[in-house]
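The values are calculated or read from the model by the stated rules, or taken from the named source; none is laboratory data. These numbers come from a predicted model, not from an experiment. Here the Cβ positions follow ideal geometry from the backbone for every residue, glycine too, while neighbour counts run over all protein chains shown.
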Amino acid sequence: MKRFALWAPLAIFALLFAVVASGLFRPAEKVVRSAMVGKPIPDFALPAMVPGKPGLTSASLRQGQPRLLNVFASWCIPCIAEAPQLMRLKAMGIPIDAIAIRDTAPAIAGFLRRNGDPYARIGSDRASQVQLALGSSGVPETFVVDGRGIVVKQIIGDIRPENIAEIAQAVKDAR
Amino acid sequence: MIAEAGLAALWFASALAALQLVMAAIGIARGRHDVAAAVRPVAIVQGLLALLAMALLIALFLNSDMSVKLVVENSHSAKPWLYKFAGAWGNHEGSMLLWVAILGLAGGAVAIFERSLPERTLTSTLGAQAAIALGFYAFLLFSSNPFARLNPAAADGLGLNPLLQDPGLAFHPPTLYTGYVGLSVAFSFAVGALVTRDVGPAFAKAMRPWVLIAWIFLTLGITAGSYWAYYELGWGGWWFWDPVENASLMPWLAATALLHSVTVLATRDGLRAWTIMLAVVAFSMSMIGTFLVRSGILTSVHAFAVDPERGAFILALLALYIGGALALFAARIGTVRAGTTFDPVSREGGLVANNLLLSVILGIVLIGTLYPIVAASFGVQLSVGPPFFNKAAGPIALLLVAVMAVGPLLRWRRDDAKAVLRRVMLPIGATLAAAIALLFIWPGVLPWAGLSLSAGLAVASVAPLWKRKLTRTPLFTYGMVVAHLGIAVSLAGMASDSAFTKETLVAVRAGEPARIGPYTVTLDGISPVIGENWSALEARLTATRGGSETILRPQLRFFANPPTSTNESAILTALDGQLYTVLGQPDGQGRWQLRLWWKPFVTLIWFGGVLIALGGALSLLGRVRRERRAAMRSEWA
Amino acid sequence: MLAALLLCIVPAAAQPVTPPARYANVQLADPAKEQSARALMETLRCLVCQGQSIADSDADMAADMRALVRERIERGEKPASIRDWLIARYGDYVTYDPPLSGLTWPLWLAPMLLLGIGGWIARSSFRRRTR
C-alpha cells in the first residue's frame, strides 16, 4: 500500500499531462459562441438607421420565411471584406436584415454607398443592447433565423466566399 | 558576425552540457573521482557561454541590427535605448534564451560556490542540471533560434508592444526568471540526492541557501509584476488571477513550502520524502508555468508568437524531466531511511500545517487554472476567475495566516499547549481588538478577517524577539520576523484596498472639479505632448487636499510602431494611500472622461512584498554566515 | 495581468463612431446600487479582452456591458438575475464564478478534497503523544 502510494505523484502528473496535451492538440475555441442558437430571438424594436429603410423589430423576423440577421458597423474593417459575400447571398434570393452597432446615419449611408446594400431593414443599436441580447460578441456576426423566429445558426467573423454554400444550405434547411 | 557568434556560443554551451552530463554519469557509475572533479569547471564554462549568448543578443538589439529576424519583428531603431536593451527578452525567443542563460548561470554558481555537499551528490546534481539545460538548448537551437538572420535585411523593425515599453520590462522578467530558473537548483539537488540516496540534515543545509535565493527573486519578481500591472493597465487592479499570474504564483507557493520544510529537515531530520517532493514540484511548477505562458493553450496568456510545434517540444521536455524525476522519486524514496516523526504541538507541527495549507492553495490554483481546459474537452467554455479563487483559496490563506502567527512561537520537539496559549494571548488580543473595532465600519467578510488577522500577525511576528538580547539574536531569526511582518503588511494593504477604495468616474470640462476620497481633482486642461517614439494627449489635473496642491499628468498615449494607444495613469502617493488618475476618451461635447480612485494604504501590498524579500535576504545572510563559521571551526578543530 | 492586455490593444482605427452609452463610464447615483453593480461587473468576463473582467477593460464591448449592468441594477433588477440573463446568452463563459453543474462540481469540491488528502498525508509525520 505504502509503496503503491509513492507512485501517486507520477500518476497525478500523468493526468495533468493529459489535460495539458489535450489543450495543446485540440485547442479550444477562442471565440465565444452564442447560447441563443436553437432559441427564439429575444423581443426588441430598433429604430431605422438610414432614411428610406425601415428599422428592425423581432416581429419582422417571424414572418414565416428564414432570413439572415447581419450584425455590422461602418467602423468595422472585416465588415467591408464580407460585403461582396452578402451581396451574393442577396442575389440568391435570401432576405438579409441588419443591426448596425454604435453607428450614425451618415456613416452607414456612406458604407452602403461604397460597399453595396444587401439589407431589407437596418436597425440602429446605439448601445449594443440588442447585440448583447443576441449573445453576439463582436462585429461582424451573422445569424440564420428561421420563419418562426428561432436562431438556427451563428457565423462569427466575416463571411468568406467558401462559407456561402454552407449558409445558403442552412437557410434552405430552415424552411 | 555577432549573431553567428551568439549561435556558436549556444552550440558550444549545449555541447558542454552534454559533456557535463556524460562526465557526471561516468563519475558516479564508475566512481571515477578524477572525472567527477572535472564536472565543476565544465559547468562554469557552460554557464558563461550561455550568458555570452544572451549578451550578444542584447548587443544585436542595442545596435538595431535589422538583418536579424528577431530584432526586426520586435524592435525599432527609434525606440529608446532602455527598451532596445530590455526588448531583447520582450519576445518568445529572447525570453527563452534569458531562461536558458539563467539556467546555465545557476549551474555555474553551484559549481563555484557549493562546498558543503558530498562529492557524489554534487556530481549528480550538476549532472541533473546539465540534463535540464540540454533539453532547453535543443529547444532554442531547433525550434526557437533567436539569432536567425533575415535575408534581405529589413529597412526597420516592426516595433515593440507599447505596453511593454516601460521600465518594468527591464526589471520584472529577469527577476522573475531568476526565481523560476533558480528553483532548478533545488530540483537538481533533489534528483542528485535521490541518485545517491543521501537525504538528511547536511543535504538540507546545503540546499537551503539556493532555495532562498530563488525565492527572494520570485518574491521580488511577483511584487514588481503586480505593481507594473497596477499602474500600467489603468483600472487600479493589482492582481487578476490571470493564468500568467497564476503561473508565477504556483512556483512561489511551492518554494515557500519548500523553504519551511527544508528547515524541518535541516533542524530535526524530519519530512525527508516530502522535502524532496516539494523540491521537484517547485521547479516543475516553473516549467509548467513557462509552458502555459508559451503554448497559448489558455486564453489570455502572452501575445508572444505561439505555435503548437513549440508547445509540443516544451511539453515533451516537461514529460521527460518531471515524469523522470517523479519516477525516480517513486523508485528510490522507499529506500531512503524514513525521517523522524514528531509531536503535533511543536514547531515542526506548525511547519507541517504551513506546508499542508500552502500545498492545498497550490492545488486549488493549479486546478482552477487548468479547469477551463478540462471543460473545453467536454465542449463547454468555462471561465474560472477571481470569484472562484477568492472563495476557494481565501479562507485557507487566512487560516494559513493564523498558523503563521502561532508557528514561530512554538518550541521545537514538543511544546505545552497551555504555555503556547499564554504566548499567543497578545496576538489574539490584537486580532480581537481589530475585529471589534472594524465591526463599526463593516468592510465585508474577507477584508474584515484579513485586517483583523494582519493585526494579530503583525504582533505575533515580532514576538520571537520579545525578551531576547537583540544583538545576540541570529540574523536568520530577524529574517523570519521581517518576512512574516511583510505578510502582515501586505495582507493589510490588500484588505484595505478591497474594503475602502473609493471610485469616481466623471466626464468633466476644464475647470470643473471632481471629488474623490480626501481629494478634489480639477481638470486644468488638455495639451499635446511629444515623446521619444510616441505622442500623447496629456491632462493637467490639480489635486487638492487640505491646503496642499499637487499636479498630476495622466496621458492618452499614441504609438506609431505598431499603431496603438495606451492609457498612462498618474499616481499621487501619500502616506495613507494613493490617488490614481486616468484620462479616458473625450465625449465629443468638450468633456473628458476621468477615472479617479482613492486607494487607502494600497502601497502596503508592495511594501509588504519587498519586506518579505528583505526577510529572505536577511535569512540567507544569516545562514551563510553561520555555515561559514561552522566550517572554519571544524577546520581549526 | 499585463499579458492579458497584450492581446487586446486594438489599433486605433476600428472603434465605434458613437460615444458609449451613458452608464458605461458613469456611476449610479445610489452608492449601494453602484456597489452591487460594481461587484457584479468584476465577476463578468469581457468578450473581447478575454483575460479581463468588464470592470477593468478598455474594450468597447465591455463598456456596453457595463452600461447594461448599471441600467438593469438601476431599474431594481437583482445581480443574480442579470448574471443568469447573460449566461443564457453567452454560456458559462461570461461569468468568472463557474455555476455549480455536473461539470464543475469537482472544481468546487477540490479545496475540501485537497484539505482531506493533505491532512491524511500530514498525519503520518506525527507521532502519538506518549504522555
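Considering segment A:17-65 alone, what residues qualify as being within 14 Å of chain B (Cβ to nearest Cβ) and among the acidic types (D, E)?
Of everything in segment A:17-65, just one residue is within 14 Å of chain B (Cβ to nearest Cβ) and among the acidic types (D, E), namely A:E29.
Out of the residues in segment A:95-123 meeting the condition of being among the aliphatic types (A, V, I, L, M) and buried (at least 21 other Cβ atoms within 10 Å of the Cβ), tell me which one is farthest from A:N163 (Cα to Cα).
A:I108
For segment B:305-344, name all the residues that are crowded, with 19+ Cβ neighbours inside 10 Å, modelled with pLDDT under 85, over 17 Å from B:L265 (Cα atoms) and more than 8 Å from chain A (Cβ to nearest Cβ).
B:R310
Looking at (1) out of contact with any Gly (no Cβ under 8 Å at 6 or more places or on another chain); (2) more than 19 Å from B:G493 (Cα to Cα); (3) within 11 Å of another protein chain (Cβ to nearest Cβ), which one does B:W239 not meet, given that it meets all the others?
So the condition that B:W239 fails would be (2).
Which pairs do you get when a residue that is within 14 Å of chain C (Cβ to nearest Cβ), found in segment B:153-182, comes within reach of a residue that is of a type in the set (D, E), reach meaning Cβ atoms under 8 angstrom, with the pair 6+ apart or on two chains?
B:L158/B:E73; B:L163/B:E232; B:D166/B:E232; B:G168/B:E232
Which ones in segment A:112-125 are touching an Asp or Glu at 6+ places or on another chain (Cβ under 8 Å) and within 13 Å of chain C (Cβ to nearest Cβ)?
A:S124
Restricted to segment C:1-27, and to residues that are surrounded by fewer than 18 Cβ atoms within 10 Å (Cβ to Cβ) and among the hydrophobic types (A, V, I, L, M, F, W, C), which residue is modelled with the lowest pLDDT?
C:A12
Restricting attention to segment B:10-18, does a residue exist that is under 31 Å from the mean Cα position of the chain (by Cα), among the polar types (S, T, N, Q) and surrounded by 23 or more Cβ atoms within 10 Å (Cβ to Cβ)?
Yes, segment B:10-18 has at least one match.
Conditions (1) more than 15 Å from B:D242 (Cα to Cα); (2) out of contact with any strand residue (DSSP E or B) (no Cβ under 7 Å at 6 or more places or on another chain); (3) at the interface with chain C (Cβ under 10 Å from one of its Cβ atoms), marked per residue:
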site: B:N354; (1), (2), (3): yes, yes, no
site: B:I367; (1), (2), (3): no, yes, yes
site: B:I373; (1), (2), (3): no, yes, no
site: B:G385; (1), (2), (3): no, no, yes
site: B:F388; (1), (2), (3): no, yes, yes
site: B:K391; (1), (2), (3): yes, yes, yes
site: B:V403; (1), (2), (3): yes, yes, no
site: B:D415; (1), (2), (3): yes, yes, no
site: B:R422; (1), (2), (3): yes, yes, no
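Evaluate segment B:100-117: report whether one residue or more is in contact with a Lys or Arg (Cβ under 6 Å, 6 or more places away or on another chain), part of a loop (DSSP other than H, G, I, E, B) and either aromatic (F, W, Y) or at pLDDT 90 or above (or both).
No; the residues of segment B:100-117 include none that is in contact with a Lys or Arg (Cβ under 6 Å, 6 or more places away or on another chain), part of a loop (DSSP other than H, G, I, E, B) and either aromatic (F, W, Y) or at pLDDT 90 or above (or both).
Test C:L109 against the stated conditions and say whether it is buried (at least 21 other Cβ atoms within 10 Å of the Cβ) and either more than 16 Å from the chain's Cα centre (by Cα) or assigned to a helix (DSSP H, G or I) (or both).
Against the criterion (buried (at least 21 other Cβ atoms within 10 Å of the Cβ) and either more than 16 Å from the chain's Cα centre (by Cα) or assigned to a helix (DSSP H, G or I) (or both)), C:L109 does not qualify.
Listed here are the residues, each with its yes/no results for (1) farther than 27 Å from B:I216 by Cβ; (2) surrounded by fewer than 16 Cβ atoms within 10 Å (Cβ to Cβ); (3) touching a Phe, Trp or Tyr at 6+ places or on another chain (Cβ under 6 Å).
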| position | (1), (2), (3) |
| --- | --- |
| B:W466 | no, yes, no |
| B:R472 | no, yes, no |
| B:A488 | no, no, no |
| B:G493 | no, no, yes |
| B:T504 | yes, no, no |
| B:A507 | yes, no, no |
| B:E512 | yes, yes, no |
| B:R515 | yes, yes, no |
| B:T520 | yes, yes, no |
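Please note which helices (runs of 4 or more DSSP H) are completely contained in segment B:407-463 and include at least 3 residues that are touching a helix residue (DSSP H, G or I) at 6+ places or on another chain (Cβ under 7 Å).
Result: B:425-439, B:445-462.
Tell me whether segment B:582-603 contains one or more residues that are under 26 Å from the mean Cα position of the chain (by Cα) and either over 30 Å from B:T256 (Cα atoms) or assigned to a helix (DSSP H, G or I) (or both).
Scanning segment B:582-603 turns up no residue that is under 26 Å from the mean Cα position of the chain (by Cα) and either over 30 Å from B:T256 (Cα atoms) or assigned to a helix (DSSP H, G or I) (or both).
Please find, among C:E74, C:E34, the residue that is more than 11 Å from chain B (Cβ to nearest Cβ), over 21 Å from B:F388 (Cα atoms) and out of contact with any His (no Cβ under 9 Å at 6 or more places or on another chain).
Answer to the selection: C:E74.
Is it fair to say B:L126 is surrounded by fewer than 24 Cβ atoms within 10 Å (Cβ to Cβ), touching a helix residue (DSSP H, G or I) at 6+ places or on another chain (Cβ under 7 Å) and either more than 21 Å from B:I213 (Cβ to Cβ) or touching a residue at least 12 places away in the same chain (Cβ under 8 Å) (or both)?
So B:L126 fails the test.
Report yes if B:P251 is more than 14 Å from chain C (Cβ to nearest Cβ) and modelled with pLDDT of 95 or more, otherwise no.
Here the answer is yes, as B:P251 does meet what is asked.
Take segment C:43-83 and flag every residue that is touching a helix residue (DSSP H, G or I) at 6+ places or on another chain (Cβ under 7 Å) and surrounded by fewer than 18 Cβ atoms within 10 Å (Cβ to Cβ).
C:E74, C:P79
Report the residue count in segment A:40-54 for those that are under 19 Å from the mean Cα position of the chain (by Cα) and either over 18 Å from C:R89 (Cα atoms) or surrounded by fewer than 16 Cβ atoms within 10 Å (Cβ to Cβ) (or both).
4
Among the residues of segment B:28-41, how many are surrounded by fewer than 24 Cβ atoms within 10 Å (Cβ to Cβ) and either in contact with a His (Cβ under 6 Å, 6 or more places away or on another chain) or not charged (D, E, K, R) (or both)?
9
Consider A:A8 carefully, then state whether it is small (G, A, S), surrounded by 13 or more Cβ atoms within 10 Å (Cβ to Cβ) and closer than 25 Å to A:I155 by Cβ.
No, not satisfied.
For residues in segment B:555-598 being of a type in the set (D, E, K, R) and under 23 Å from B:F500 (Cα atoms), which is nearest to the other protein chains (Cβ to nearest Cβ)?
Across segment B:555-598, the extreme among qualifying residues is B:R595.
Quick test for you: out of C:V94, C:V26, C:V69, pick the one residue that is closer than 20 Å to B:W241 by Cβ and β-branched (V, I, T).
Going through C:V94, C:V26, C:V69 in turn, just one is closer than 20 Å to B:W241 by Cβ and β-branched (V, I, T): C:V94.
Yes or no, residue by residue, for (1) more than 14 Å from chain C (Cβ to nearest Cβ); (2) at positive phi; (3) of a type in the set (V, I, T):
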position	(1), (2), (3)
A:R67	yes, no, no
A:A81	no, no, no
A:P84	yes, no, no
A:R88	yes, no, no
A:P95	yes, no, no
A:A98	yes, no, no
A:T104	no, no, yes
A:I108	no, no, yes
